[in-house]
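A quick write-up on the structure given underneath.
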Amino acid sequence: MRRTGAFGIVVLAALALAACTPGSAASPRPAHSEGTLVTAVVPLPVSQKTDASAPAFSLDASSTVRAHATDAESTARVAAGLLEAATGLKPATGTGAGGAHDIVLTIVPGGAAESYTLQTGAHGATVTGADEAGLFYGVQTLVQLLHDRDGRWEAPATDIADHPRFAYRGAMLDVARHFFPVDVVKHYIDGASSLKLNILHLHLSDDQGWRIQIDSRPKLTELASTTSMSGDPGGYYTKADYAEIVAYAASRHMTVVPEIDLPGHTHAIGLAYPEITEPPVVLPEIVQWKQEIPVEGKPYTGFGVGFSSLKIHDAATYAFVEDVVRELAAMTPGPYLHVGGDEPHAVAPADYAEFMSRVTKIVAATGKTPIAWHEAGASTDLARGTIGQYWSYVSPQADSAAKTLEFAKNGGTVIMSPADVAYLDMKYDESTTLGLTWADGPTSVERSYGWEPTTIVDGLSADAILGVEAPLWSETLRTSDDIDVMAFPRLASAAEVAWSPQSAPDGARTWAGFRARVARLGPLWTREGIHYYATPEIDWATR
Ligand code: TNX
């Protein structure tokens, strides 16, 4: 059923004509009156008290970011850069007591991981983090609160105490269907981390291309990386590129989760090492939807899925997987390694279960925790603690819920990425040029906001939910602006579902509350060079 939908969208994608308008274009909507909205923060903080009658904090040419702990010094440097990108002012960094226009950063261990408090007012701005991540998030909140008040950068007098609901808050970027250079990935990290997301999942391989250097398997980069969707140019990350992405992500408190998609989605591997791949299976849907027919040994540049597989019973396959996993684990400081496992339509069920069992154990043997798409729950012998990533709908389709429960039974947790609300590659509406619609799309911003991760899979306890991730597949996306226009503002919806409490007073944690707050981010995103979609669903602020 899903496959049929996935091919269906291709036709719609090709036919849609009207353009997505990036937010940098003038908004046709009037600006919000200032009032309470100057306190707007996304994702919604746990608690926020604002005193509208008290003097505001103002950032000016004299402002200095002062680190009150050695640990805070690197955050102070990052903070100065964020404040400059948002306001054009160039705060200095230093230590010592803070003045009225300064920002003082302190780390006080003991609070919840990633938590912070922020006080702004006539005394200055004080950010206290339980750790460096918390400090960084407090600074991100301050950046959102600063607005241009008749030529001055002000934040209202406010007192915030905040911590995340879920530990895993992810954004996935598919760099396989289209390859995106390091700078584009860094730009996405900037946008995602400004919304307090802490995971960057890179989908590094698929039928259309392989994107990461593996020294023991040189033909991957020599041959399998050269292709892309629609015959567009390929590309790959050298180990140095990957290290640069990992380090940049870490400086923004994001952990990189690399994914090598196995045993399906592996046609490109066959261009390099045909001895470990099966010939493609021409599925009836590929023909029915007039998709490019995969041909063994030729690059695949179409939209079809599910036709490829590694050879499940060959020792050479596992030697390959061990090489890739070993090198990937060595270059990845984060605790997770994603092994895909989605859409295994060309693999017999028993073979698929056996493969996922073996591959998750290969990952676990490196000391990393494996993650797999929820289909892998078809195996009852996964490495203990394997994490599942749920991508069916908010109303689970077919046996997706049962497969997802298997991860919890096996001592693992689950990441929620329901395709009909969290897939950023779905069109916003019928007029959107980019994107797909197969996941019950189009997906409005309102739909992307209105879901609750703990009520989707019956019988999955809230404790078993590690977090939330919004995937961005790149079949139709070629540029950084394409990424931005699909992700913003819907990535903000996912961030709020992942970070904020399930409910809040005064309707703040509702679509109406979110809609009013996210409107304030438009001008900030424009200043930061984020080409968001100025959807008419939101009355965007103009400054
Ligand atoms: C399904 S859902 C996929 C991807 C496609 C995406 C397009 C899942 C785990 N796999 O292979 O890129 O749809 O929206």
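The values are calculated or read from the model by the stated rules, or taken from the named source; none is laboratory data. Quick caveat, the model's predicted, so the values are computed rather than measured. We place every Cβ from the backbone using ideal geometry, glycine too, and count neighbours over all the protein chains shown. What goes into the accessible areas is simple: the full protein's heavy atoms, side chains included, and nothing from ligands, DNA or RNA. Shrake-Rupley method; radii C 1.70, N 1.55, O 1.52, S 1.80 Å.
Check segment 371-378 and report whether any residue there is assigned to a loop (DSSP other than H, G, I, E, B) and of a type in the set (A, V, I, L, M, F, W, C). Break it down stepwise before answering.
Restricting attention to segment 371-378, the residues satisfying the condition of being assigned to a loop (DSSP other than H, G, I, E, B) are none.
No, that holds for no residue.
Kindly provide the set of residues from segment 50-96 that are assigned to a helix (DSSP H, G or I) and either open to solvent by 70 Å² or more (accessible area, probe 1.4 Å) or free of Cβ contacts under 8 Å to residues at least 12 places away in the same chain (or both), ordered by number.
Taking segment 50-96 first, the residues assigned to a helix (DSSP H, G or I) are 72-87.
Within segment 50-96, Glu73, Arg77, Gly81, Glu84 qualify.
Name the residues in segment 360-384 that are more than 16 Å from the ligand (Cβ to nearest atom), within 26 Å of the chain's Cα centre (by Cα) and of a type in the set (A, V, I, L, M, F, W, C), would you?
Ile362, Val363, Ala364, Leu382, Ala383
Are any residues in segment 97-118 under 24 Å from Asn198 (Cβ atoms) and touching a residue at least 40 places away in the same chain (Cβ under 8 Å), and if so, which ones?
Within segment 97-118, Ile103, Leu105, Gly111, Ala112, Ala113, Glu114, Ser115, Tyr116, Thr117, Leu118 qualify.
If you go through segment 235-287, how many residues are at pLDDT below 95 and more than 14 Å from the ligand (Cβ to nearest atom)?
Residues flagged as at pLDDT below 95 and more than 14 Å from the ligand (Cβ to nearest atom) within segment 235-287 amount to 3.
Any idea how many residues of segment 417-467 are more than 17 Å from Ala494 (Cα to Cα) and either touching a His at 6+ places or on another chain (Cβ under 7 Å) or among the β-branched types (Val, Ile, Thr) (or both)?
Summing the residues that are more than 17 Å from Ala494 (Cα to Cα) and either touching a His at 6+ places or on another chain (Cβ under 7 Å) or among the β-branched types (Val, Ile, Thr) (or both) in segment 417-467 gives 4.
Can Tyr393 be described as crowded, with 23+ Cβ neighbours inside 10 Å and either touching a Gly at 6+ places or on another chain (Cβ under 9 Å) or more than 18 Å from Arg169 (Cα to Cα) (or both)? Break it down into steps so the answer makes sense when it comes.
On the way: crowded, with 23+ Cβ neighbours inside 10 Å: no; either touching a Gly at 6+ places or on another chain (Cβ under 9 Å) or more than 18 Å from Arg169 (Cα to Cα) (or both): yes.
Against the criterion (crowded, with 23+ Cβ neighbours inside 10 Å and either touching a Gly at 6+ places or on another chain (Cβ under 9 Å) or more than 18 Å from Arg169 (Cα to Cα) (or both)), Tyr393 does not qualify.
For residues that are within 28 Å of Arg177 (Cα to Cα) and part of a helix (DSSP H, G or I), scanning just segment 408-436, find the one that is nearest to the ligand (Cβ to nearest atom).
Ala419
Quick one: which of Phe320, Phe307 is buried (at least 24 other Cβ atoms within 10 Å of the Cβ), in a helix (DSSP H, G or I) and touching a residue at least 12 places away in the same chain (Cβ under 8 Å)? First the steps, then the outcome.
Working: Phe307 fails: in a helix (DSSP H, G or I).
None of the other options fit; the residue is Phe320.
Among the residues of segment 337-354, which ones are within 16 Å of the ligand (Cβ to nearest atom) and not aliphatic (A, V, I, L, M)?
Taking segment 337-354 as the starting set, the residues that turn out to be within 16 Å of the ligand (Cβ to nearest atom) are 338-347, 352.
Result: His338, Gly340, Gly341, Asp342, Glu343, Pro344, His345, Tyr352.
How about segment 330-364: which of its residues are among the hydrophobic types (A, V, I, L, M, F, W, C) and either open to solvent by 10 Å² or more (accessible area, probe 1.4 Å) or touching a Lys or Arg at 6+ places or on another chain (Cβ under 9 Å) (or both)? Even if it seems obvious, please write down each step before you answer.
Narrowing segment 330-364 to residues among the hydrophobic types (A, V, I, L, M, F, W, C): 330-331, 337, 339, 346-348, 350, 353, 355-356, 359, 362-364.
Correct list: Ala330, Met331, Leu337, Ala346, Val347, Ala348, Ala350, Ala353, Ile362, Ala364.
Let's see how each residue does on (1) aromatic (Phe, Trp, Tyr); (2) more than 15 Å from the ligand (Cβ to nearest atom); (3) open to solvent by 30 Å² or more (accessible area, probe 1.4 Å):
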residue	(1), (2), (3)
Ser448	no, no, no
Trp451	yes, yes, no
Asp458	no, yes, yes
Ser461	no, yes, yes
Trp473	yes, no, no
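This table checks each residue for (1) open to solvent by 50 Å² or more (accessible area, probe 1.4 Å); (2) in contact with a Lys or Arg (Cβ under 9 Å, 6 or more places away or on another chain).
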residue: Gly209; (1), (2): no, yes
residue: Asp215; (1), (2): yes, yes
residue: Ser228; (1), (2): no, yes
residue: Tyr242; (1), (2): no, no
residue: Val246; (1), (2): no, no
residue: Ile260; (1), (2): no, no
residue: Glu292; (1), (2): yes, no
residue: Val295; (1), (2): yes, no
residue: Tyr300; (1), (2): no, no
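Which residue pairs have Cβ atoms under 6 Å apart, sit 6 or more places apart or on different chains, and have a first residue in segment 458-478 that is modelled with pLDDT under 95 and a second that is open to solvent by 10 Å² or more (accessible area, probe 1.4 Å)?
Cβ pairs passing all conditions: none.
Going through Asp190, Asp183, Asp148, Asp159 one at a time, which residue ends up being open to solvent by 10 Å² or more (accessible area, probe 1.4 Å) and either at pLDDT below 95 or under 20 Å from Thr95 (Cα atoms) (or both)?
Working: Asp190 fails: either at pLDDT below 95 or under 20 Å from Thr95 (Cα atoms) (or both); Asp183 fails: either at pLDDT below 95 or under 20 Å from Thr95 (Cα atoms) (or both); Asp159 fails: either at pLDDT below 95 or under 20 Å from Thr95 (Cα atoms) (or both).
Exactly one of Asp190, Asp183, Asp148, Asp159 is open to solvent by 10 Å² or more (accessible area, probe 1.4 Å) and either at pLDDT below 95 or under 20 Å from Thr95 (Cα atoms) (or both), namely Asp148.
Return the pair list, or none, for Cβ contacts closer than 6 Å from residues in segment 406-420 that are on the phi > 0 side of the Ramachandran plot to residues that are modelled with pLDDT of 95 or more and open to solvent by 30 Å² or more (accessible area, probe 1.4 Å), at least 6 apart or on different chains.
Between residues of segment 406-420 that are on the phi > 0 side of the Ramachandran plot and residues that are modelled with pLDDT of 95 or more and open to solvent by 30 Å² or more (accessible area, probe 1.4 Å), the close pairs are Gly411/Arg384.
Among the residues of segment 107-139, what is the count of those that are in contact with a Leu (Cβ under 8 Å, 6 or more places away or on another chain) and of a type in the set (Ser, Thr, Tyr)? Give the steps one after another, and end with the answer.
Filtering segment 107-139 for residues in contact with a Leu (Cβ under 8 Å, 6 or more places away or on another chain) gives 107, 116, 118, 120, 125-129, 135, 138-139.
Add one more test, that the residue is of a type in the set (Ser, Thr, Tyr), and what stays is 116, 120, 126, 128.
Within segment 107-139, residues that are in contact with a Leu (Cβ under 8 Å, 6 or more places away or on another chain) and of a type in the set (Ser, Thr, Tyr) number 4.
Regarding Ile269, is this residue part of a loop (DSSP other than H, G, I, E, B) and open to solvent by less than 40 Å² (accessible area, probe 1.4 Å)?
Values: part of a loop (DSSP other than H, G, I, E, B): no; open to solvent by less than 40 Å² (accessible area, probe 1.4 Å): yes.
For Ile269, the condition - part of a loop (DSSP other than H, G, I, E, B) and open to solvent by less than 40 Å² (accessible area, probe 1.4 Å) - is not met.
Restricting to segment 163-180, and then to whatever is open to solvent by 10 Å² or more (accessible area, probe 1.4 Å) and in contact with a strand residue (DSSP E or B) (Cβ under 7 Å, 6 or more places away or on another chain), can you tell me which residue is farthest from the ligand (Cβ to nearest atom)?
Ala167
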